[in-house]
Amino acid sequence: QVQLVESGGGLVQAGGSLKLSCAASRSIFSINAMGWYRQAPGDQRELVASISSGGTTNYADLVKGRFTISRDNAKNTVYLQMNSLKPADTSVYYCNVLSGGINYWGKGTLVTVSS
């Protein structure tokens, strides 16, 4: 079992930056698939970015070139650096881990981008 706690959300003006963190309750060294999702009111949850244990990354087209996902296995933490933020990026951002065939989710952190 893995517990995930996100942090780093907040209010930022368009064009600004935020860095989200996701701390896992146990070692993530052996966990292959980790990612960030987001969900705006009335919308479905969508993948923002993912990273494998080997460091291979994948990004949604809407965030390519602006967001960067990374992981620090020593700190059991996954990060999402978000630059050039747009009002359309306003959402609750969720950390996700796939381990042992089970999807684990954090409670989310709210990101609000003002115009």
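Taken together, S114, S91 contain a single residue that is of a type in the set (G, A, S), touching a strand residue (DSSP E or B) at 6+ places or on another chain (Cβ under 7 Å) and closer than 17 Å to S21 by Cβ, which is S91. The C-beta contact set for the range 40-55 (first residue at negative phi and free of Cβ contacts under 8 Å to residues at least 24 places away in the same chain, second residue open to solvent by less than 60 Å² (accessible area, probe 1.4 Å) and charged (D, E, K, R), distance under 8 angstrom, 6+ apart or interchain) comprises E46/R38.
Scanning the range 97-115 for residues that are in a strand (DSSP E or B), within 14 Å of the chain's Cα centre (by Cα) and modelled with pLDDT of 95 or more turns up W105, T109, L110, V111. Here G55 meets the list (1) more than 19 Å from G15 (Cα to Cα); (2) of a type in the set (G, A, S); (3) open to solvent by less than 20 Å² (accessible area, probe 1.4 Å) almost entirely, failing just condition (3).
In this structure, is Q81 modelled with pLDDT of 95 or more, in a loop (DSSP other than H, G, I, E, B) and out of contact with any helix residue (DSSP H, G or I) (no Cβ under 9 Å at 6 or more places or on another chain)? No, not satisfied.
For the range 22-45, a tally of residues being of a type in the set (A, V, I, L, M) and open to solvent by 70 Å² or more (accessible area, probe 1.4 Å) returns 0.
If a residue must be open to solvent by less than 60 Å² (accessible area, probe 1.4 Å) and either of a type in the set (F, W, Y) or touching a residue at least 12 places away in the same chain (Cβ under 8 Å) (or both), how many such residues does the range 58-83 contain?
Here the count works out to 17.
Of all the criteria given as (1) open to solvent by less than 70 Å² (accessible area, probe 1.4 Å); (2) of a type in the set (D, E); (3) farther than 15 Å from G9 by Cα, the one not satisfied by D89 is (3). All conditions but one from (1) closer than 15 Å to N96 by Cβ; (2) out of contact with any helix residue (DSSP H, G or I) (no Cβ under 8 Å at 6 or more places or on another chain); (3) modelled with pLDDT of 95 or more apply to A49; the one that does not is (2). Based on what the data block shows, is L11 part of a strand (DSSP E or B) and modelled with pLDDT of 95 or more? So L11 passes the test.
Could you list, in sequence order, all residues of the range 103-115 that are at negative phi and in contact (Cβ under 8 Å) with a residue 40 or more places away in the chain? Please lay out each step first, then the result.
Going residue by residue through the range 103-115, those that are at negative phi are 103-107, 109-115.
Correct list: Y104, W105, G106, K107, T109, L110, V111, T112, V113, S114, S115.
The values are calculated or read from the model by the stated rules, or taken from the named source; none is laboratory data. Everything quoted here is computed from the prediction, not taken from an experiment. Cβ sites come from the backbone with ideal geometry, for glycine too, and all protein chains shown count toward neighbours. Areas reflect the complete protein model, heavy atoms only, side chains present, ligands, DNA and RNA absent. Shrake-Rupley method; radii C 1.70, N 1.55, O 1.52, S 1.80 Å.
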